[in-house]
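The values are calculated or read from the model by the stated rules, or taken from the named source; none is laboratory data. Just so it is clear, the model here is predicted, and its values are computed rather than measured. Note that we place each Cβ from the backbone using ideal geometry, even for glycine, and neighbour counts take in every protein chain shown.
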Amino acid sequence: MSRTKTSSNYEGFTAEERAAMKEHAQEVKKAARRSSRTDKAAEALKDVLDKIAAMPEADRVIAERVHAVVTTHAPMLAPKLWYGMPAYALDGKVVCFLQNADKFKTRYSTLGFNDLAALDDGAMWPTHFALAEMTTEVEERIAALVRRAVS
């Protein structure tokens with residue numbers, strides 16, 4: 001099967017995608033400038049909390065709860081920013097992240113898991129979950145996913 005360009009409408013990355021890439025470059029530079037391991041962890045946590053605090057209210061409510069659930073149920077994951085999104089890493093590699101709705105102008109936030117997450121289930125399994133609102137049931141599902149991801 002041949003793959004040819006069928007449309008001349010492609011204009012490259014969206015403004016939101018370009019902004020996320022710029023944020024990632026800044027995050028990498030900032031992390032490289034931090035001195036000690038303790039300073040890096042404390043500053044990374046502060047960066048995540050500041051990013052969450054700056055979100056629009058609907059996103060912030062979800063992000064605060066996701067942060068609380070992840071840090072409670074997978075304390076070995078270190079909070080950090082990843083492309084301007086709150087993320088949680090093991091040995092510096094992102095396991096899961098929250099893409100808030102406002103970030104890419106979508107109708108819901110998304111909790112995503114990278115390939116390090118042990119969510120494997122047969123030949124196919126979900127790695128991203130839409131978060132329209134936070135309920136007790138949603139928090140319990142996130143907790144179960146996060147525990148499984150790091151098992």
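In table form, for the structure just shown:
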item: Within segment 74-151, strands (runs of 3 or more DSSP E) holding 1 or more residues that are surrounded by fewer than 16 Cβ atoms within 10 Å (Cβ to Cβ) and touching a Gly at 6+ places or on another chain (Cβ under 7 Å); result: 128-131
item: Residues satisfying the stated conditions in segment 85-125, i.e. modelled with pLDDT under 95 and closer than 17 Å to Ala53 by Cα; result: Lys103
item: Hits in segment 125-145 - residues which are farther than 12 Å from Gly112 by Cα and polar (S, T, N, Q); result: Thr135, Thr136
item: Index of the failed condition, Arg60 passing every other in (1) under 19 Å from Ala143 (Cα atoms); (2) within 13 Å of the chain's Cα centre (by Cα); (3) outside any strand (DSSP E or B); result: (2)
item: Unmet criterion (only one of (1) among the acidic types (Asp, Glu); (2) assigned to a helix (DSSP H, G or I); (3) more than 21 Å from Ala130 (Cα to Cα); (4) at pLDDT below 95) for Glu17; result: (3)
item: Pair list, Cβ under 8 Å, 6 or more apart: segment 1-28 residue more than 30 Å from Leu81 (Cα to Cα), other residue modelled with pLDDT of 55 or more; result: none
